[in-house]
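Everything below concerns the one structure shown next.
The values are calculated or read from the model by the stated rules, or taken from the named source; none is laboratory data. Because the structure is predicted, anything quoted here is derived from the model rather than measured. Cβ: placed from backbone, ideal geometry, glycine included. Neighbour counts: every protein chain shown.
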């Protein structure tokens, strides 16, 4: 009868490798792949409801904010406003007004520069400073981030997620910052641009409430009316995510 002798050290090494593999497999959703660049922000979601998220970016100016708030109030629509923290500090009363109308606040960063050009330490300071300012001003927990200019990379997504943010882009762009005229803004949202599509369930719509987009208040009433006529529910991003089955594109995470 032969006796099988297993040496202790190789056995421990094998068990260690198996344990490490299990840990890596369990955490695969949170791992960063610098080579494949597989981390993505959320552009839209798949939902069984007819919900569309309305978002506004603000980094400067004040002329459009109150008119937009009144239009939203009249239509009984709540939206997400992505605010740069320096603007919020200078326009604290406007920020409080946005919150008082029942809207959701997200971060648009601290400086309006591409986050994917920053070092890791710069990025962390940027994210933390913006979150602190906005939470103090609004009383809301800030969990949504829209990077300036939509610029991101793996480092931006990973650092933001680690700080409790979900990074939000958009799937339908009004292009209001180009000042194309109110009719063009309406068309960009309702019908879509060339080789694109108009607003549909799960989409995140991008507008600006900065002074750079004077066409937005002119176009917004018709957009809200048309979407409501199509029986869409217009909601903040947070509510859209709550009812989402999954996010798009692959690499993004709810």
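Structure summary
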| read-out | value |
| --- | --- |
| Failed criterion for residue 105 (all others in (1) closer than 21 Å to residue 65 by Cα; (2) in contact with a helix residue (DSSP H, G or I) (Cβ under 6 Å, 6 or more places away or on another chain); (3) assigned to a loop (DSSP other than H, G, I, E, B) hold) | (3) |
| Residue in segment 75-96 that is surrounded by the fewest Cβ atoms within 10 Å (Cβ to Cβ), counting only those that are touching a residue at least 24 places away in the same chain (Cβ under 8 Å) and more than 17 Å from residue 142 (Cα to Cα) | 75 |
| Evaluation of residue 195 against (1) surrounded by fewer than 22 Cβ atoms within 10 Å (Cβ to Cβ); (2) out of contact with any strand residue (DSSP E or B) (no Cβ under 9 Å at 6 or more places or on another chain); (3) modelled with pLDDT of 95 or more (one fails), failing number | (3) |
| Of residues in segment 206-222 being in contact (Cβ under 8 Å) with a residue 60 or more places away in the chain and in a helix (DSSP H, G or I), the one surrounded by the most Cβ atoms within 10 Å (Cβ to Cβ) | 220 |
| Unique residue being free of Cβ contacts under 8 Å to residues at least 60 places away in the same chain, buried (at least 16 other Cβ atoms within 10 Å of the Cβ), assigned to a helix (DSSP H, G or I) and out of contact with any helix residue (DSSP H, G or I) (no Cβ under 8 Å at 6 or more places or on another chain) when the list is 149, 187 | 187 |
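Each row is one residue, and each column tells you yes or no for (1) assigned to a helix (DSSP H, G or I); (2) at pLDDT below 95; (3) in contact with a helix residue (DSSP H, G or I) (Cβ under 8 Å, 6 or more places away or on another chain); (4) over 27 Å from residue 126 (Cβ atoms).
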{"residue": "61", "(1), (2), (3), (4)": "no, yes, no, no"}
{"residue": "67", "(1), (2), (3), (4)": "yes, no, yes, yes"}
{"residue": "70", "(1), (2), (3), (4)": "yes, no, no, yes"}
{"residue": "77", "(1), (2), (3), (4)": "no, no, yes, yes"}
{"residue": "93", "(1), (2), (3), (4)": "yes, no, no, no"}
{"residue": "96", "(1), (2), (3), (4)": "yes, no, yes, no"}
{"residue": "111", "(1), (2), (3), (4)": "no, yes, yes, no"}
